[in-house]
1. So which aspartates and glutamates can A:Lys115 reach, going by Cα to Cα under 20 Å and dropping same-chain residues fewer than 8 places off?
2. For each pair in B:Lys137/C:Lys66; A:Lys83/A:Lys166; C:Lys41/C:Lys328; C:Lys23/C:Lys309; C:Lys66/C:Lys330; C:Lys23/C:Lys93, compute the distance between the two Cα atoms and list the pairs where it is over 24 Å.
3. Springs between alpha-carbon pairs under 10 angstrom, Gaussian network model over chain B: which of B:Gly209, B:Gly169, B:Gly296 fluctuates most?
4. As a test of the definition: which semi-axes, in Å, follow for the stretch B:33-177 when you take the square root of five times each eigenvalue of its alpha carbon gyration tensor? Largest first, please.
5. Determine the per residue accessible area of chain C with all protein chains present and a 1.4 angstrom probe, expressed in square angstrom.
6. Spin-label point model (7 Å from Cα, Cβ direction): what's the B:Ile67 to A:Phe144 distance in nm?
7. Could you check what % of the DSSP bridge pairs in the protein assembly as shown are antiparallel, to the nearest 5?
8. Per residue of the stretch C:327-343, in order, report the coupling 6.51 cos²θ - 1.76 cosθ + 1.60 (Karplus, θ = phi - 60°) as ³J(HN,Hα) in whole Hz, putting x for Gly and Pro.
Amino acid sequence: MTTNEKTAGKAADKAAEKAAAKTAAEPGKAADEGKKSAPLLEVRDLHVEFKTRDGVAKAVNGVSYSVDAGETLAVLGESGSGKSVTAQAIMGILDSPPGRVAGGEILFHGQDILKLPESERRKLRGPKMAMIFQDALSSLNPVFSVGNQLGEMFRVHQGMSKKDAKLKAIELMDRVRIPAAKQRVNDYPHQFSGGMRQRIMIAMALALEPDLIIADEPTTALDVTVQAQVMDLLAELQREFNMGLILITHDLGVVADVADKIAVMYAGRIVETAPVHELYKRPAHPYTRGLLDSIPRLDQKGQELYAIKGLPPNLLHIPTGCAFNPRCPMAQDVCREDIPELRRVTEQDGTELDGRGSACHFWKETIHG
Amino acid sequence: MTELAKSQGPGAATAEPAAATGTAEPAPARITQWGEIRHRFMANRLAVVGLVLVLLLFLTAALAPLIATHDPYAQDLGNTLASPSGDHWFGTDALGRDQFSRVIYGSRIAVVVGLASIFLACLIGLVLGALAGYFGKTVDTVIMRIADIFFAFPLLIGAIVIILVMGRGVMPVILSLAIFSWATVSRLLRSSILSVREMDYVTAAKALGASTSRIIIRHIMPNSIAAVMSFIAFSVGTAIVAEASLSYLGVGVSPEVPEWGNMISSARDFMGVKDFLWMYPSVAIVLTVLGFVFVGDGLRDALDPKLR
Amino acid sequence: MAEPAKQAAEQREPILQVRNLVKHFPLTQGLVLKRQVGAVKAVDGISFDLYKGETLGIVGESGCGKSTVARLLMTLETATAGEVFYKGQDITKLSGRALKAVRRNIQMVFQDPYTSLNPRMTVGDIIGEPFEIHPEVAPKGDRRKRVQELLDVVGLNPEYINRYPHQFSGGQRQRIGIARGLALNPEIIICDEPVSALDVSVQAQVINLMGKLQDEFDLSYVFIAHDLSIVRHISDRVGVMYLGKMAEIGTDEEIYEHPTHPYTQALLSAVPVPDPEVREGRERIILTGDVPSPANPPSGCRFRTRCWKAQDKCAEELPLLAVPEVFKGKETAAAHESACHFAEERQIVPAA
């Protein structure tokens, strides 16, 4: 029962620390936010709920993150973590009902777009923000040619003539490096391969040069050799247009090369934020560490994989306290009672680590111990 | 601390009840498939309303002689076209017959024709649909082309032709409705089987060495019949309407038989004057059809294992 | 999975021998009078051996024919040509009772845990069905107990026996599928992408379970997947498929650390590795273009349309799967079977 006593002591420590941490950093806000002008996109304490037959599923429970122009944020999470729902809320394409934004703000160029009427938000989609989905085949309309669908963006939003729109479509297809764009502009989606279709989706998202692109698992459905091509293209175009990019994925390997910073989500909350390299080297949340350890490695043949025990949480009954506590090897009583805030992560000597945050009562033990 | 100790045992967490962490919520230890389906059906308010309507219809049909206040055939030429009263609740028709008793007895024709015709249609449709769906290829092509012919023929016109050949009566009505309804049943079942056939659990059963009959009975049928079940419930309602329409057009059962279509038909001459004549049988038809539609809707939801 | 198992395997007779296996799906035209206008060459002459107690990984991209190989090994498809010998008996020619007997010994685990379990059967009925099909394996009174034992073996609570699949999560469902595959005490389990539909945190649990079961029941696995890291983790030997052909085959070390086929090299270099340090020391080969259609594969070497080394010879002459001439008789890990005219070693993954 010594562990019990230890826990109690630690819990008291934590409580004191928590009060301090709260004043130091509002959850999830970028550390240096005060100094800069408003970021391109800032999500503040977003809550999204879904009504189901069996009750209310809390898909997003207070997510905050921000993206600047020219910056790439990767949102990492497993199914049910709320990573896609957050994106849908930003885009305003949440299925509602049953879904509904239950609280929070989404500031785009400093303006809370949740307060805008639907007609205004529709004007944002396309010229200001665009989304790329996992399944390009079902995102493209099978009965119109690719050129027609690309050109539609210009006809609808910029009132271009049919002929000009088609020329623009060819230009875009060239841009995303579809070979023989001129000859293929009148082809239909099913006549392209998976990788080419995803390029067309990217072209469509880029058409009106939006400020923000959200890519939801853009390469998951593609083969490895094609994955790399598409991801490189996306990163390159993002640099060229100086857009903000939110990359949603379950695969850390995919985003490692292109992302600037990463936010790990679990049960509708952000549990850790960090620059990509830092996250891999020194995770500050047991969930992140578990995820990294459970990925088999290409360069070595392990005996047994580390496995996070248990199952992903049921969103209808999220565990009390830290949602990860039933699966966490470090869980103590405090984890079952208090929801840990996302707080700043520091070196052992107290120097601040830029852009790092962890929502774990025991982040110190996780990163330093 | 027991919680902690437990979760530290290797594999303990994965064997934890799904109720604690997983997707499944308070699941009673022992539930049968039917029990669960019944539970889901009963939880649906409209479905229960439908079920009550349908049961009322069946009860009325079975107990018609006890419920009816008069002989539905008895004419009282001294009291024709009487408005509803204490003696004749729904009034009397042009021949002085008690409308209430005729509406009550009309449920018998509705039930018999509705159930019998759809039973026959299912008999043909399910067997042919299953054959087409499971064997595919030539069997499928032949059966589906035949089904297309019946499918393309307008039900009422086809039924009229058959009845003109066979003569009027209950049997010809049942037969003609069955002949023009099975095609939809078989098409539905076929397409449902086609999608179920591709499921991995069917492949898994094949890989285990399961016989064809086992695969059809245990795996394909229970999963494909659900889509057809709700349609069958709808169809009974549709068949009752079709039957009434045939009678209304004068090609259904004989005009003296108490039947809702007949009653509306004979009320034609008094529309706007004696509206109670067509109103009561019409309400009977509408309630009956609604009952079957609600039951069909409820069945569709209750039979879907994924909706939970 | 461990080294001793591998060495033992080399001395033993193969339990499964695949020889020149071919599966062409005919392409037909016309509604009534169907005539064949071509064929999708899903599997076009594949040979390999599987030894007792080992795991053979088969990797490749979509459309390479790896899933068709799984279905052929399970005799769920009829082979167009070629043989599959199980203990010396060609199972592609079997039917009826003889086939049913073989099926007891070769079982399968599927990719999608949501479609591989009949939603209208309880877990007990699903895992117990093998006993109903092969009643000689377990007497009737014993079956319930056997099912509960199996649930326990795969790490599920035996009390779940009366639940339905929809009451479980993806990882739990995959465990149920594995229990069903184990029920008849098979010698071989064909795994077709068994973890690719699962979340990362659950993937590791299932992989570990499969490793544990292999040791416990002396199982041989054919492990088909597109994820090279997972395949390396679980496999003793690995075969790389491209467009219906085997490009390269060897031990995990030979394939991952000494690849000689350009396709294997490109595939390895494209694998996203989350470790920034490993990634920096690694060269990337980015292939151009897409996989050609298996209905109309290139002449000669299938890979030549995307290969940076391709020459005229590659279009004219089909490279055979054999130890390349340059490496023949040499004591090097590069001396393994590779179907390339210009095979040469190139290290992609730094040795750990």
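The values are calculated or read from the model by the stated rules, or taken from the named source; none is laboratory data. Treat the numbers as computed from the prediction; the structure is a model and nothing was measured. All Cβ positions, glycine included, derive from the backbone under ideal geometry; neighbour counts span all protein chains shown. Heavy atoms of the whole protein, side chains included, go into the accessibility calculation; ligands, DNA and RNA do not. Shrake-Rupley method; radii C 1.70, N 1.55, O 1.52, S 1.80 Å.
1. Excluding near neighbours in sequence, the set is A:Glu42, A:Asp45, A:Glu49, A:Asp95, A:Glu105, A:Asp211.
2. B:Lys137/C:Lys66; A:Lys83/A:Lys166; C:Lys41/C:Lys328; C:Lys23/C:Lys309; C:Lys66/C:Lys330
3. Result for chain B, Cα springs under 10 Å: B:Gly209 fluctuates most.
4. Details: eigenvalues 309, 125, 23 Å².
Taking √(5λ) for each Cα gyration eigenvalue gives 39, 25, 11 Å.
5. Accessible area per residue, chain C: 38 Å².
6. Here the answer is 5.6 nm between the modelled labels.
7. 60 percent
8. Result, ordered by residue: 9, 4, x, 8, 7, 9, 5, 6, 7, 9, 5, 8, 9, 9, 5, 10, 4 Hz.
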